[in-house]
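Working notes, beginning with the structure itself.
The values are calculated or read from the model by the stated rules, or taken from the named source; none is laboratory data. Quantities reported herein were computed from a predicted structural model and do not represent experimental measurements. No Cβ is skipped: glycine too gets one built from the backbone with ideal geometry, and neighbour counts run over all protein chains shown.
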Amino acid sequence: MFVTRYKGEKNYYHGKNECIGVLLANLGTPEQPETSSVRRYLAEFLADRRVVEIPRIVWFGLLYGVILRRRSPQTAKLYRSIWLPEGSPLMVYSRRISDALGNKLKRRFPGPVKVALAMRYGKPSIMQGLEELHQQGARRLLVLPLYPQYSATTTASVFDAVARELAHWRWVPETRFINQYHDDKGYISALAASVENHWQDNGREGVLLMSFHGLPQRNLQQGDPYFCQCHKTARLLAQALGLTEDQWQISFQSRFGKAQWVQPYTNKMLVKLAQRGVERVDVICPGFPADCLETLQEMNMENREVFLQAGGQQYHYIQALNDADKHIDALLEIITQHVQGWPESAASWDAGAVEQVAIQTQAYAKARGAKL
């Protein structure tokens with residue numbers, strides 16, 4: 001007979017301290033810039049039904065028969081071109097974001113708030129991140145995917161992974177989920193500050209190109225709001241910078257496969273700008289909170305060559321927000337907004353009183369037969 005087994009709390013005791021747990025989730029990265037590691041990462045990523053909606057019997061034949069064999073060594077080479085001494089850039093910057101945010105949350109809230117970093121694909125996994133928070137006593141959980149613009153291919157996939165893991169828990173925490181912050185004032189302000197700092201150091205001229213990760217056109221037609229949210233982010237950033245319509249452009253990068261994706265494509269836009277006589281472009285990727293392969297290799301290297309070979313003269317990549325103070329402050333305010341009503345966020349939180357209640361609770365439970 002089949003018996004469902006759920007994860008329990010072997011170390012639970014009455015009066016155990018509780019806290020808010022914040023799970024920061026990013027896309028993920030190979031652990032090493034080697035073919036085998038990249039293959040494992042790509043296999044997990046591209047097998048996600050949210051990412052590729054082709055029928056499994058068709059897609060898996062292509063994925064395991066052709067795509068992984070060809071793309072894994074090629075992608076490994078690209079990763080080696082951007083790998084940092086500390087590891088994968090996305091992991092390095094994501095950990096810096098997590099650490100900086102954790103420090104600011106300690107100062108912001110009177111009660112305990114713990115932060116854990118998880119990757120949708122690769123390690124640390126969503127399961128590992130949730131377990132880390134669970135071990136620290138998180139009874140209230142806030143999930144923050146580091147995707148400013150919502151898409152079923154990214155944000156919803158994180159939701160799926162969190163839900164699948166919690167479905168195996170006996171005691172599920174109270175859970176809240178942030179599904180987008182594409183028009184958040186703090187986020188837009190942080191983006192604007194990064195551009196202005198770049199202009200202060202490098203002068204201001206030419207066109208500002210805002211490049212977002214692409215999405216199949218089919219997804220947009222079926223109701224995915226990502227394309228529209230990218231346009232709103234770009235419009236708000238242009239307004240914050242005081243740009244006229246001829247001073248900025250929006251485009252979409254990282255197209256994969258033969259299907260039509262949302263346009264204009266970044267590489268074609270760069271050629272168009274160069275042919276139009278634009279000598280300089282400053283490029284920013286507002287959909288990537290942390291620098292990664294798509295920003296450091298595709299945008300800062302590959303598309304730089306596209307623009308220069310098409311006749312452009314100057315190409316400047318503006319780095320992702322990473323752990324910049326304004327970025328951390330923006331995330332801090334977003335979290336603050338979403339944890340309202342939880343006891344640890346209230347000004348009335350009293351650690352001494354909470355500890356006294358815990359002692360009384362344990363004594364009461366033991367008097368009635370509890371072992372712990």
>> Would you confirm, using the coordinates I've provided, whether Asn219 is free of Cβ contacts under 8 Å to residues at least 40 places away in the same chain and at negative phi?
In response: no
> When Gly203 is evaluated against the numbered criteria (1) over 26 Å from Arg40 (Cβ atoms); (2) touching a residue at least 24 places away in the same chain (Cβ under 8 Å); (3) among the small types (Gly, Ala, Ser), which criterion, by number, is the only one it fails?
Replying inline: (2)
>> Can you tell me which residue is surrounded by the fewest Cβ atoms within 10 Å (Cβ to Cβ) among those in the stretch 178-214 that are under 30 Å from Val339 (Cβ atoms) and hydroxyl-bearing (Ser, Thr, Tyr)?
In response: Ser189
>> Considering only residues that are among the small types (Gly, Ala, Ser), over 30 Å from Asn197 (Cα atoms) and outside any helix (DSSP H, G or I), which ones fall in the stretch 322-349?
In response: Gly341, Ala346, Ala347, Ser348
> Can you pull out the residues in the stretch 256-284 that are part of a helix (DSSP H, G or I) and either in contact with a Ser or Thr (Cβ under 6 Å, 6 or more places away or on another chain) or surrounded by 22 or more Cβ atoms within 10 Å (Cβ to Cβ) (or both)?
Replying inline: Thr266, Met269, Leu270, Leu273
> What is the number of the single condition among (1) in a helix (DSSP H, G or I); (2) within 29 Å of Asn300 (Cβ to Cβ); (3) not aliphatic (A, V, I, L, M) that Arg120 does not meet?
Replying inline: (1)
>> When the residues of the stretch 125-156 are narrowed to those that are small (Gly, Ala, Ser) and under 25 Å from Cys285 (Cβ atoms), which ends up surrounded by the most Cβ atoms within 10 Å (Cβ to Cβ)?
In response: Gly129
>> Condition (residue is of a type in the set (S, T, N, Q), closer than 30 Å to Tyr147 by Cα and either exposed (fewer than 14 other Cβ atoms within 10 Å of the Cβ) or in contact (Cβ under 8 Å) with a residue 12 or more places away in the chain (or both)) applied to the stretch 285-295: is it met by at least one residue?
In response: yes
>> Residues that are touching a Gly at 6+ places or on another chain (Cβ under 9 Å) and over 30 Å from Glu132 (Cα atoms): list the helices (runs of 4 or more DSSP H) wholly contained in the stretch 162-246 that include at least 2 such residues.
In response: 226-241
> How many residues, within the stretch 25-47, are assigned to a loop (DSSP other than H, G, I, E, B), of a type in the set (D, E, K, R) and out of contact with any helix residue (DSSP H, G or I) (no Cβ under 6 Å at 6 or more places or on another chain)?
Replying inline: 0
> Which pairs have Cβ atoms under 9 Å, sit 6 or more apart or on different chains, and link a residue in the stretch 144-155 that is over 19 Å from Gln217 (Cα atoms) to one that is basic (Lys, Arg) and surrounded by 24 or more Cβ atoms within 10 Å (Cβ to Cβ)?
Replying inline: Pro145/Arg120
>> Restricting to the stretch 314-336, name every residue that is surrounded by 13 or more Cβ atoms within 10 Å (Cβ to Cβ) and of a type outside the set (A, V, I, L, M).
In response: Gln314, Tyr315, His316, Tyr317, Gln319, Asn322, Asp323, Lys326, His327, Asp329, Glu333, Thr336
>> Please go through the stretch 36-86 and give me each residue that is polar (S, T, N, Q), over 23 Å from the mean Cα position of the chain (by Cα) and either surrounded by 16 or more Cβ atoms within 10 Å (Cβ to Cβ) or within 17 Å of Phe256 (Cα to Cα) (or both), ordered by number.
In response: Gln74
> Filtering the stretch 212-261 down to residues that are acidic (Asp, Glu) and over 23 Å from the mean Cα position of the chain (by Cα), which residue is nearest to Asp183 (Cα to Cα)?
Replying inline: Glu245
>> So Gly242 ticks every box in (1) of a type in the set (Gly, Ala, Ser); (2) under 25 Å from Asn300 (Cβ atoms); (3) outside the structural domain of Gly137 (by TED's automatic domain parsing) but one. Which box is left unticked?
In response: (2)
